[in-house]
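The values are calculated or read from the model by the stated rules, or taken from the named source; none is laboratory data. Note that the structure is a prediction, hence the values are computed from the model and not measured. Positions of Cβ are generated from backbone atoms using ideal geometry, with glycine treated the same way; all protein chains shown enter the neighbour counts.
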Ligand code: BTN
């Protein structure tokens, strides 16, 4: 893969801009990188806090994949980014299904994959993988300050760190996209996955169901078991750890 980098200082949302570029025929491999976002977007319609102490990037892909396989993009990106952060910080990174990355119990990275469908063939027209990494943010807004963390809190953020991180993330992403359907990465995913074996809550249609996370299957779905012993393979949605 060849990357075409578009580096900006402040943007509204790299995903929003990347979507516009993709709709205007930007080629696969186009990457938008920003050091700050004024309207960073998260999953489930949430916002993503994006001060100048982070790294925000969106990659345009045009993969020949079915809709079903597009879940693999999200989970393989999580592994790609986890490995990049591990290499640069020398710390372990854990993945909360689907694609939140944690370090020392704090969320340090979120990934938002957005896809556009090709109406003619039912496949993907393009996919945007948007990655936000808290590099050295110290003060988070009160609603997230207990769960959010940074990968480099003790060290000053300087351009080399952020650039090396971006390069590492992109190289790993390119690598993982090439090998996506072999699914070898799923072992790397499971190894870092901290939900397996835990009591959780599954959020579905605004209702909350207690369950136990029992595994990740070969389509990257989260396998859960409910108290009545019925099982389900989740493809999206939200889960949280149960502490009661
Ligand atoms: C989440 O944690 O819910 C996902 C957060 C994804 C944030 C990244 S930052 C770069 C890209 N642009 C956005 O507006 N969102 C993603």
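A few comments on the model shown:
- Only residues that are outside any loop (DSSP other than H, G, I, E, B) and either under 24 Å from residue 22 (Cβ atoms) or within 8 Å of the ligand (Cβ to nearest atom) (or both) were counted in segment 94-113, giving 7.
- If you go through segment 44-55 and pick out every residue that is in contact (Cβ under 8 Å) with a residue 60 or more places away in the chain and either within 19 Å of residue 98 (Cα to Cα) or more than 7 Å from the ligand (Cβ to nearest atom) (or both), you end up with 7.
- Exactly one residue out of 210, 156, 141, 160 is loosely packed, with under 12 Cβ neighbours inside 10 Å and at pLDDT 90 or above, and it is 141.
- Just one residue in the set 58, 116, 66 is touching a residue at least 40 places away in the same chain (Cβ under 8 Å), more than 14 Å from the ligand (Cβ to nearest atom) and assigned to a strand (DSSP E or B); that residue is 116.
- Restricting segment 119-139 to residues that are within 15 Å of the ligand (Cβ to nearest atom) and part of a loop (DSSP other than H, G, I, E, B), the residue that is farthest from residue 73 (Cα to Cα): 137
- Where residue 22 falls short, out of the listed (1) in a strand (DSSP E or B); (2) under 22 Å from residue 178 (Cα atoms); (3) more than 11 Å from the ligand (Cβ to nearest atom): (1)
- Among the residues of segment 69-90, the ones that are under 18 Å from residue 54 (Cα atoms) and away from the ligand (no atom under 16 Å from the Cβ) come to 5 in all.
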